[in-house]
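Shown next, in structure tokens, is the structure this report addresses.
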């Protein structure tokens, strides 16, 4: 899935690989480096495991991609907390009982969507900048989590959910990967083949022009934030199935990596250009990097430093802004 | 993007030199917060409570002022908290409980802030990476380095420093003086060409470039100033807590952005000022105080806190709502 970029000047200068190909190449290079540094890194089981870890980030980043494409400084910092909250609700509602899965998941996703709705209303009607609105929402959702749990998460994943996420389905691949593939295809379809998707790109590329063309800008934006929170909630449920029991900061650490995955995948933070395929590869790249650094024996501090440095290199491959001209 | 926002901002600053309060909203919020706090906390105005309140305000105030420079230039620095951590652990390792090493430690902290800011500036301005993700990446580098310098919480500051910080000079809390010094620093810098360039670049980078403003250099300066004020924040934390902690700054990054926005500075850049950020930081800190003294049940405290902060963020944006240009 290639991004609708302006091709003309690039063709004259030189051929450059698209962001998805570039990020994919980086992923392959990282795996090869891993195999050299620690033999067995590129083993089949190991790779499947990597993909499984990447899936959570990948699903959270679906929503992040949608919001970022919507432009206007669009970003959703509350995705991590929303995923955590959704997992906590799901775990408490299903309490290890298969019969309760559907109501639990529905309730968790509804709550997530409601949080997204508030984000969207704040961004459109109150015109709070998205960064700030979703930043404030982190505090509110954290408060909701504490109020709901009283500081102690309870319940556990239903066995059916766990076997859906962790169980081997085809070719020894866990069900989670198929779920991710399904959701990824859904995301691509949503962005490329629906009116909502087209409106989204229009709004992200030029909000004014979209408005004048008759696109319902506010409605598109609100829907983008609702979808972002819903996909985050879905990732929370998947994470619940994977870990079986929850804790109070289960998915918090996905907040900024989800943005990084989107950028590495070639979606512009300014909006209007990008797609989910790149984001998915970006999520895989970030996960491989994490795993590679864990494999290397350089200690926690060194790992953090290298992580930052490599992230900078990855971002400079495709996340650069245009040069100023007069 | 056109000239009006800048024209609107500049005459106002001539009328109110040194105190660019970007809107009455911030002042009103601070007044409400103080009044509510006074009603709920009986000894709010006692010298002990004032001293200890101001002592906890300074770190957030300093980092908020630092964030203001970056935001005004049209950027955002998500590594400021990590810079605070790095500067503080370096300073605490150098000072090592010896009073004669304090000047050296202060210099080292400022040097760390300067270097971190310069790195961010280079990455954002020269490499042209997008600020949000680029500073997120550098924050890893800084917090990793902090762990190298001080792997576990420890180290301590000479007792004289912590005592002086929590003391009062002629009845004025030292920490309040520190905030005033930060305000004066801003006031002085505001008179310098660099700040004028920062406003110009943040307002419209293309126009600034066309007007021969050194855009790249100005952006680097914004991040360097941000780093230096992060170092001030680190020093205030050390003086307040008396010991080092390699995770101390994590919470401050996002709070600094919130303080800047509550202070009325536009995240898009080019409009606002550190005067508002200082008040915004105090509003944020007072909200926590109020929720604590309002007898909110423990489990609901954070929820109330979060809702109040969102309301504050929304209120701060209302003046901008009216002046908004049609093309959002």
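Bear in mind that the values in this text are calculations on the coordinates, not laboratory data. No experiment lies behind these values; they were computed from the predicted model shown. Using ideal geometry, Cβ is built from the backbone for each residue, glycine included, and neighbour counts are taken over all protein chains shown.
Where the convex hull is taken over the Cα atoms of segment B:31-83, what is its projected area averaged over directions, in nm²? Mind showing how you got there, number by number?
On the way: hull surface 19.7 nm².
Result: 4.9 nm².
Please order A:247, A:85, A:201 by the number of other Cβ within 10 Å, starting at the fewest.
Numbers: A:247 12, A:85 29, A:201 22.
Listing A:247, A:85, A:201 from fewest to most nearby Cβ atoms yields A:247, A:201, A:85.
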Once you have all Cα-Cα distances for chain A, histogram them in 10 Å bins from zero and send the whole-percent values.
6, 26, 33, 25, 9, 1, 0
Chain B, relative contact order in percent, only Cα pairs under 8 angstrom and at least six apart counted
35 percent
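How much of the pair distance distribution for segment A:239-280 lies past 17 Å, counting alpha-carbon pairs only, in percent?
On the way: 399 of 861 pairs.
It works out to 46 percent of all Cα pairs.
Determine one quarter of the surface area of the Cα convex hull of segment A:94-246, which equals its mean projected area, and express it in nm² to one decimal.
Details: hull surface 42.3 nm².
The number I arrive at for segment A:94-246 is 10.6 nm².
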Would you please state the base-10 log of I(q)/I(0) at q = 0.18, 0.29 1/Å for segment A:17-85, with intensities from the Debye formula using one equal scatterer on every alpha carbon?
-0.87, -1.19
Inter-chain Cβ neighbour average for residues B:205-214, partner chain, 10 Å
2
Column: log10 I(q)/I(0), Debye, Cα scatterers of segment B:219-328, q = 0.11, 0.16, 0.19 Å⁻¹:
-0.45, -0.89, -1.13
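What value does the protein assembly as shown have for Rg/Rh, both radii from Cα atoms and Rh as Kirkwood defines it? Could you put the intermediate results ahead of the total?
Details: Rg = 24.5 Å, Rh = 25.5 Å.
Using Cα coordinates only, the ratio equals 0.96.
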Largest to smallest principal axis extent of the C-alpha atoms in segment B:62-134, angstrom:
42, 22, 15
Modelled label reach - residue A:218, point 7 Å along Cα→Cβ, segment A:101-127 residues with backbone N closer than 20 Å:
A:114-127
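Calculate how large, on average over all directions, the projected area of the Cα convex hull of segment A:241-326 is; give the answer in nm² to one decimal.
8.1 nm²
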Semi-axes of the equivalent ellipsoid for segment A:180-326, Cα gyration tensor, largest first, Å
31, 22, 12
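For chain B, what is the Kirkwood estimate of the hydrodynamic radius, computed as the reciprocal of the mean inverse distance between distinct Cα atoms, to one decimal in Å? Don't skip to the end; give the middle numbers.
Numbers: mean 1/r = 0.0499 Å⁻¹.
In chain B this quantity evaluates to 20.0 Å.
Go ahead and estimate [θ] at 222 nm for the protein assembly as shown from helices alone: -39,500 (n - 2.57) per DSSP H run with n ≥ 4, summed, over the residue count, rounded to 500. Spell out each step's value before the answer.
Details: 28 runs with 467 residues, N = 654.
Calculated from helices alone, the mean residue ellipticity at 222 nm is -24000 deg cm²/dmol.
Does segment A:205-258 classify as rounded, prolate or oblate by the C-alpha gyration tensor (a ≥ b ≥ c root eigenvalues; a/c under 1.5 gives rounded; else a/b over b/c gives prolate, otherwise oblate)? Provide the component values of the computation, followed by the final result.
Numbers: a/c = 4.91, a/b = 3.12, b/c = 1.57.
Prolate, because a/c is 1.5 or more and a/b exceeds b/c.
Over chain A, what is the mean sequence separation of C-alpha contacts under 8 Å (at least six apart), divided by residue count, expressed as relative contact order in percent? List each step's numbers first, then the result.
Values: 564 pairs, mean separation 108.7, N = 326.
It rounds to 33 percent for chain A.
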Partner chain Cβ atoms within 10 Å, averaged over the residues of A:260-271 - can you pull that number for me?
2
Segment A:215-285 versus segment B:81-142: alpha-carbon centroid distance in Å:
30 Å
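How fast does segment B:15-162 diffuse by Stokes-Einstein, in µm²/s, taking the Kirkwood radius from C-alpha pairs at 10 °C and 1.306 mPa s? Walk me through the intermediate numbers first.
Numbers: Rh = 18.0 Å.
The Stokes-Einstein estimate is 88 µm²/s.
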Any idea what diffusion coefficient segment B:124-266 gets from Stokes-Einstein, in µm²/s, Kirkwood Rh on alpha carbon pairs, 4 °C, 1.567 mPa s?
73 µm²/s
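To one decimal place, what Kirkwood hydrodynamic radius in Å is obtained for segment A:154-243 from all pairs of distinct Cα atoms? Please list the in-between numbers first.
Details: mean 1/r = 0.0658 Å⁻¹.
Answer for segment A:154-243: a Kirkwood hydrodynamic radius of 15.2 Å.
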